[in-house]
Amino acid sequence: MTENTITAIESSAPIAPAPRRASFIAPRKELLAALRGVKNSASRRGRNDQTGVKIGINGVVELRAENGEQSARFAAEWDHDGEMDVVIDPQAVINALNGSKAEIARVEIVGESVRVVCGAAELNWNCEAVEHLAPLPVSNRLFTIDVAELRRAVEMTEFATDVESCRYALGGICVEKRDGDAVFVATDSRRLSAFTASVEWTDGAGEMIGDACYDVAAKGMRPAGVVLPVKFWETLLKLLPKAGRVEFVAIDRPEPTTGDAPRFTRFYAAMVDGVRVETLLIEGRFPRWRDVVPSESSATWSAEFDAKAMAEACKSVIPGTDDENRGVDFIPRDDRSGFGLKAKAAGGFCPAKFSEHGEPMPATYDARFIGQACAALKRGAIVARVVDRASPIVLTAPQWLYVVMPVGRD
């Protein structure tokens, strides 16, 4: 009886589980660059798991930071042992790596403590452990694009967004797949800018990003594509090298769940020099933008002018407008030598070559919108098409289309 009692007591005594262990070895400069690259995407306020950088050792070594709107990720197949996810203070590791000239750094994680050894420099501190390892995210390659082409596409569309609009989709740039190209589109409902970029698509990418195609029932282009926020594009532009290609991917990342079947959230990301910039889609539906673009055959007259000359003409007349009277009359000269620009308290002139058909007529537009677009194009010829003074003006240049709605004047 006594033996049985003693046995029961011994078997119920708690046995401390061995702390989880994981480690990896990485080139010091690569680890330092990766930490610096993802650190800027960490939140400045909040809990430790929000302001820190997560180190995940699960098949590969992964560094990730996020601020709720976007995230940066770095993954490498460095020599590693064990599996674990922890959240660390990136600056502490950066300081330790900066204090050494050794080529190799070793990071050891035991339970809730982290040890970084790099030459003579050694750093120990506590970290915040992640309760469990989630399934690995699934990445689907969408397309690759030349750095210069991507920079041009963003620069020619970003100015037409409206980040303060209650229609959230207007605060981003929509990317569509169209006839083997990628169309970047932005609008604030008063103007619209679209840039057709040359890209290399992956087979099946249209299912994840949407193919723009004609809807027979609706007799128009069916909305397609994904809308990514302006902050994502601004962050990406800062990271772009002078040359090379950028890879866009769709990532299905598992969510923490207590169920057996994992749930996934889709992110969209761009890979730049080993750093991944990620974002969620903007909520809301992007407008059927092609429906507001007058067809080329409907134009009653057209004109061609230099982008720089029009930008300067708009710049000279804008001081003569105010918030209540932003309209500027674009008046074709009788001798067809160009446009006279007339505001409430200023005027300007832009040389232009008018088409032989049709009779040019005056119309009123916001000179800020036209001047801003011409300044973004910087140089080259622009063709303007107009149906009538109550219709939008359509500006076109190679790969670019711009639409501005008319405004009234008191």
Original post:
In vacuo Debye scattering of region 304-410, one point per C-alpha: log10 I(q)/I(0) at q = 0.09 Å⁻¹?
Top reply: -0.19
**OP:** Taking 7 Å along the Cα-to-C-beta vector as the label spot, tell me the residue 325-residue 345 distance in nanometres, rounded to one decimal.
**Re:** 0.9 nm
Subject >> Which of 376, 390, 348, positive extreme of dipole for region 293-404 (C-beta unit charges) >> reply: 376
**OP:** Estimate the FRET efficiency between residue 168 and residue 120 by the formula 1/(1 + (r/R0)^6), using the beta-carbon distance for r and 41 Å for R0, to the nearest 0.05.
**Re:** 0.20
Original post:
Of 177/378; 39/177; 353/378, which pairs sit farther than 23 Å apart, going by alpha carbon to alpha carbon?
Top reply: 177/378; 39/177
Original post:
When the chain is fully extended, how far beyond the present Cα-Cα distance does residue 291 get from residue 388, taking 0.36 nm per residue of separation?
Top reply: 33.2 nm
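Quick note: the coordinates plus some simple rules give every number you see, no bench work behind them. As the structure is a prediction and not an experimental result, all values here were calculated from the model. Ideal geometry is used to build each Cβ from the backbone, glycine not excepted, and the neighbour counts take in all protein chains shown.
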